[in-house]
Amino acid sequence: MENDMRSIGELARDSGLGVSSLRFYDRAGVLVPAWVDPVSGYRWYEPHQLGEARLLARLRRAGMPLADVRLVLAGWPGADTGLVRELLKAHLCRLEQGLSDARSEFSALRALLDHRENVMTSLHTATARLSAAAPELAAALDTVRFAASTGAELPMLAGVLFDIEGESLRVVATDRYRMAVAQAAVTGHDGKRVQAVVPAPLADAMRALLDGEGPVRISVDGARVALEAGGRQAAGQCLDHDFPDYRRLLPQAAAERRTVVEVAAFRQSLETGPVRRGATGGPDLSVFRVEDGGTLTLCAEEAEEAEGAEEAEGAEGADRIAVNRRFLLDALAAGARERLILESGAPTAPLAIRRPDDENSFSVLMPVRLED
């Protein structure tokens, strides 16, 4: 083996593909390593394969089908540039046609929305007067605040939903990739369901007033919401957007595995343990596997590769769950317990983080797909 060959980890770092993606492309016969160690199974690549890997990354980011990618790579180093140009042109035509079809479908959807009665209108224009215990409401806001969106593309998510029904107030926040739900008991409400999307700055101002032990008053008057505590008030306009039906976003099936984790130890292992570096601009990922007995094991991508466990990769890889490490750390902090329960299922199913003593307060994280 030549000394200038690149390891799979080096090729992943320099090409932006990721180790698991390179494994996938090897198995698919798209980008095959120049040499595989017969003892460890570790993959090595020739220097010129870095250019092919970068090309592959570009083509996949552009959404080119794998079959066409294989043909482009086959024709790239040779003289058959005509085939490559035709493949690129055909793919661009497909993208343009797909965009045209998508615009037509969205126009039809907008027409349906324009003619559909908005059943949520009454929920956002109703009035409500209720009381809640300051510590309980403070704990609920602390549980969900981290999950509120900070992006401008979906303004309805840049706040905290107050969902009032019966004798309970549910507070909910989500940025699409994570969601947090908590509940507080209320009194004085007539039972009808009322919703208000409180802007994040106003929610923070309300939280700042919840430093006492007594009851606080919450009032909703159509588009205005206010909280009074100890003679002080935080009030403002609700967001003029419909919040998604969070109940439909919750995991529908019972989790396959429930694992009780010691938060301090788990947090330390996340902060100091193996991490999979995301693609350029992407988040760092924590990858772990939950065994049938409830044991949770953090996975190191390069370490697994160096062990050369090709057979194990097929069996174990399907059980690995990857999540945004920072999001998971935020959820552990918001859980505010020494022990939390992690509920997991398939690698593509949401990961739930629950409190052992409070089933109404929990976080949900969307997993990140490891392979293309």
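The values are calculated or read from the model by the stated rules, or taken from the named source; none is laboratory data. On a predicted model such as this, the values are computed, not experimentally measured, just so you know. Here the Cβ is made from the backbone with ideal geometry for all residues, glycine too, and neighbour counts use every protein chain on show.
The residues in segment 22-50 that are polar (S, T, N, Q) and modelled with pLDDT of 90 or more can be counted, and the count is 1. Being out of contact with any Cys (no Cβ under 7 Å at 6 or more places or on another chain), at pLDDT below 90 and of a type in the set (Asp, Glu) is not true of Glu228. The set of residues in segment 146-160 being out of contact with any helix residue (DSSP H, G or I) (no Cβ under 7 Å at 6 or more places or on another chain) and not acidic (Asp, Glu) consists of Ala147, Thr150, Gly151, Ala152, Leu154, Pro155, Met156, Leu157. Of the residues making up segment 63-93, those that are within 29 Å of the chain's Cα centre (by Cα) and of a type outside the set (A, V, I, L, M, F, W, C) number 2.
Within segment 256-273, can you find the residues that are closer than 20 Å to Ala352 by Cβ and not in a helix (DSSP H, G or I)? Once the filter is applied, which keeps residues that are closer than 20 Å to Ala352 by Cβ and not in a helix (DSSP H, G or I), segment 256-273 yields Glu256, Arg257, Arg258, Thr259, Val260, Val261, Glu262. Checking each residue in segment 17-45 for being under 23 Å from Ala62 (Cα atoms) and surrounded by fewer than 18 Cβ atoms within 10 Å (Cβ to Cβ) picks out Asp26, Arg27, Ala28, Gly29, Val32.
The number of residues in segment 18-68 that are in a loop (DSSP other than H, G, I, E, B) and not β-branched (Val, Ile, Thr) comes to 18.
Residues of segment 348-367 that are of a type outside the set (S, T, N, Q) and surrounded by fewer than 20 Cβ atoms within 10 Å (Cβ to Cβ): Ala349, Arg355, Pro356, Asp357, Asp358, Glu359, Met366.
Taken over segment 43-64, the residue count meeting the criterion of being more than 16 Å from Arg13 (Cα to Cα) and either of a type in the set (Gly, Ala, Ser) or touching a residue at least 24 places away in the same chain (Cβ under 8 Å) (or both) is 4.
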